[in-house]
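Working notes for the structure below.
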Amino acid sequence: MGCLGKQVSGKEKVDEDAAAKDLQRIYTGPGSLTIRDPKSLVIRYKINWEKSQVDYTREQGAQTGRLDKVSGELYQDGKVASTFAAEYGYANETQKTLRLEQQVKVIAKEGPATLNCDHLSWKTEEKLLKADGAVSIDLAEGRIGPVDELWCLPDLKKAGTPGYYAQ
C-alpha cells in the first residue's frame, strides 16, 4: 500500500527544521512600552504588563506576543484621555494597533465615563476604539448597553454603533 503526496527532499526538510529551531519564545516579567506617532512623536498610548511571552526569529524579529495583566493610558491630541486595564493585551508597533482582551475596562480622564467589554481594538491612526462583546458604557446621563459592538473616541465623549458613529 502506498501513499500519495509531495515528496520532500532532504534539503527542504533541513530548511523546515532550521526555521522551527530558530523560532524562540521568550518569557519576561513586568515591563512597559510607550507608542508614539512616528512622524510627530506624540504619544498614542502607554502600556504596562506583569508578564509577557514573545515569539521571534532571527530573520523577522518579534512576530507575536501576549502581555498579561495589562494597564495603561490612551492618548488623544497629545493628552491622556483615559486609563485602561485588561487581562491580556497585544501591542503591535508596526501595525499601530492595540488589542485588549478579557475584562476590559476603560475609564475617561475627564467626566464620569467607564467602558466595559470583552475585547477592545484600537488602530491608533483611526483614533477610534472598537469595543465588542458585552459592551456597556456608564455615563453621568445613564448606561448604554449591553450591546454587541460600540465605537468611541479614547476620551469616551463620543460613542456609537458601527455604521452610526459620526466623528
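The values are calculated or read from the model by the stated rules, or taken from the named source; none is laboratory data. Note that the structure is a prediction, hence the values are computed from the model and not measured. For neighbour counting, all protein chains shown are included, and Cβ atoms are generated from backbone atoms with ideal geometry for every residue, glycine included.
One line per residue, one yes/no per condition, for (1) out of contact with any Phe, Trp or Tyr (no Cβ under 8 Å at 6 or more places or on another chain); (2) more than 26 Å from Thr34 (Cα to Cα):
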| position | (1), (2) |
| --- | --- |
| Thr83 | yes, no |
| Gly89 | no, no |
| Ala108 | yes, no |
| Leu129 | no, no |
| Asp138 | yes, yes |
| Gly145 | yes, yes |
| Pro154 | no, no |
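Kindly state which strands (runs of 3 or more DSSP E) lie completely within the range 53-167 and contain at least 3 residues that are more than 30 Å from Gln24 (Cα to Cα), over 14 Å from the mean Cα position of the chain (by Cα) and at pLDDT 90 or above. First the steps, then the outcome.
Working: elements: 61-76, 79-92, 97-108, 113-123, 128-139, 142-152.
Counting at least 3 such residues, we get 79-92, 113-123, 128-139, 142-152.
Would you confirm whether or not the range 71-82 contains a residue that is in contact with a Ser or Thr (Cβ under 9 Å, 6 or more places away or on another chain), surrounded by fewer than 14 Cβ atoms within 10 Å (Cβ to Cβ) and free of Cβ contacts under 8 Å to residues at least 40 places away in the same chain? Checking the range 71-82: at least one residue is in contact with a Ser or Thr (Cβ under 9 Å, 6 or more places away or on another chain), surrounded by fewer than 14 Cβ atoms within 10 Å (Cβ to Cβ) and free of Cβ contacts under 8 Å to residues at least 40 places away in the same chain. Checking each residue in the range 130-164 for being surrounded by fewer than 20 Cβ atoms within 10 Å (Cβ to Cβ) and in contact with a His (Cβ under 8 Å, 6 or more places away or on another chain) picks out Asp132, Gly133. Applying a threshold of 6 Å to beta carbon distances and a minimum spacing of six or more residues, or different chains, the list of pairs starting in the range 28-47 at a residue that is closer than 16 Å to Leu100 by Cα and ending at one that is acidic (Asp, Glu) and assigned to a strand (DSSP E or B) reads Lys46/Glu73.
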